[in-house]
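The values are calculated or read from the model by the stated rules, or taken from the named source; none is laboratory data. Because the structure is a prediction, the values reported are computed rather than measured. For neighbour counting, all protein chains shown are included, and Cβ atoms are generated from backbone atoms with ideal geometry for every residue, glycine included.
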Amino acid sequence: MASPSRPRRNARARPGRPGTGQLIAFNKPFGVLSQFSDADGRQTLKDHIDLRDVYPAGRLDKDSEGLLLLTNDGRLQARIADPAHKLAKTYWVQVEGEPSDDQLARLAAGPDLKDGPTRPATVARIDEPELWPRNPPVRFRKSIPTTWLALTIREGRNRQVRRMTAAVGLPTLRLVRVRIGPWELDGLAPGDWRNLDHPGRSIPWRADS
């Protein structure tokens with residue numbers, strides 16, 4: 001993320017004709033910024049993606065991992081990133097503790113945050129997923145168990161998932177985005193990217209999937 005002392009202007013792709021252009025999926029590693037340059041010398045997308053004129057469609061925090069979409073189509077970039085389109089984003093979230101039914105219900109209903117209530121979400125307990133080792137490893141407290149959740153939201157506030165779980169008393173230890181709308185991580189290794197079919201007008205932007 002950009003330094004607080006340096007306001008960052010989001011880069012925008014150029015407008016393109018529907019159904020044209022490039023769309024790629026990238027598995028963002030922990031510690032990589034969702035931008036192509038950084039005045040402080042931190043890792044950025046440029047360290048992993050050697051392509052010109054593609055820009056992130058949305059953001060993923062420096063300390064979060066997983067699916068990030070990039071495109072050279074400005075219209076597609078806006079449709080993916082703009083919360084008004086309610087494009088579903090699914091995360092696998094490792095939280096500290098064992099969630100109660102009440103805590104899960106509060107997450108699903110949409111907890112109140114400092115910037116207002118969140119929209120209803122879909123949440124479920126899941127078995128520990130098979131993921132790559134994180135570098136650096138997650139710090140656990142041996143006396144406290146952890147739980148994995150699948151959480152789907154349709155907003156894009158800053159650090160929203162972490163703030164949602166903290167609001168119901170479940171600190172997030174690891175956060176991996178695995179799906180954005182119809183696009184999935186689908187076995188992509190950390191730091192790798194692949195081309196996707198450009199959807200044009202065919203995506204059901206307000207669908208639950």
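Taken over the range 83-121, residues that are farther than 13 Å from Thr147 by Cα and either in contact (Cβ under 8 Å) with a residue 60 or more places away in the chain or of a type in the set (Lys, Arg) (or both) amount to 12. Filtered by the rule that a residue be assigned to a loop (DSSP other than H, G, I, E, B) and modelled with pLDDT of 95 or more, the range 14-36 gives Pro29, Phe30, Gly31, Val32, Leu33, Ser34, Gln35, Phe36. Note on the range 101-132: residues that are surrounded by 10 or more Cβ atoms within 10 Å (Cβ to Cβ) and part of a loop (DSSP other than H, G, I, E, B) total 11. Residues satisfying the criterion are absent from the range 133-141 (criterion: surrounded by 17 or more Cβ atoms within 10 Å (Cβ to Cβ) and of a type in the set (Val, Ile, Thr)).
Scanning the range 54-87 for residues being surrounded by fewer than 19 Cβ atoms within 10 Å (Cβ to Cβ), touching a Lys or Arg at 6+ places or on another chain (Cβ under 7 Å), assigned to a loop (DSSP other than H, G, I, E, B) and modelled with pLDDT of 90 or more gives a total of 1.
Condition check: crowded, with 16+ Cβ neighbours inside 10 Å, at pLDDT 95 or above, among the β-branched types (Val, Ile, Thr) and not in a loop (DSSP other than H, G, I, E, B). Does Val95 satisfy that? Here the answer is yes, as Val95 does meet what is asked.
Filtering the range 151-196 down to residues that are among the aliphatic types (A, V, I, L, M) and assigned to a strand (DSSP E or B), which residue is farthest from Ile24 (Cα to Cα)? Walk me through how you get there before you give the answer.
Quick first cut of the range 151-196, residues among the aliphatic types (A, V, I, L, M) only: 151, 153, 161, 164, 166-168, 170, 173, 175-176, 178, 180, 185, 188-189, 196.
Imposing the further condition that a residue be assigned to a strand (DSSP E or B) reduces the set to 151, 153, 173, 175-176, 178, 180, 196.
Numbers: Leu151: 23, Ile153: 22, Leu173: 28, Leu175: 21, Val176: 18, Val178: 14, Ile180: 12, Leu196: 5 Å.
So, considering only residues that are among the aliphatic types (A, V, I, L, M) and assigned to a strand (DSSP E or B), the one farthest from Ile24 (Cα to Cα) is Leu173.
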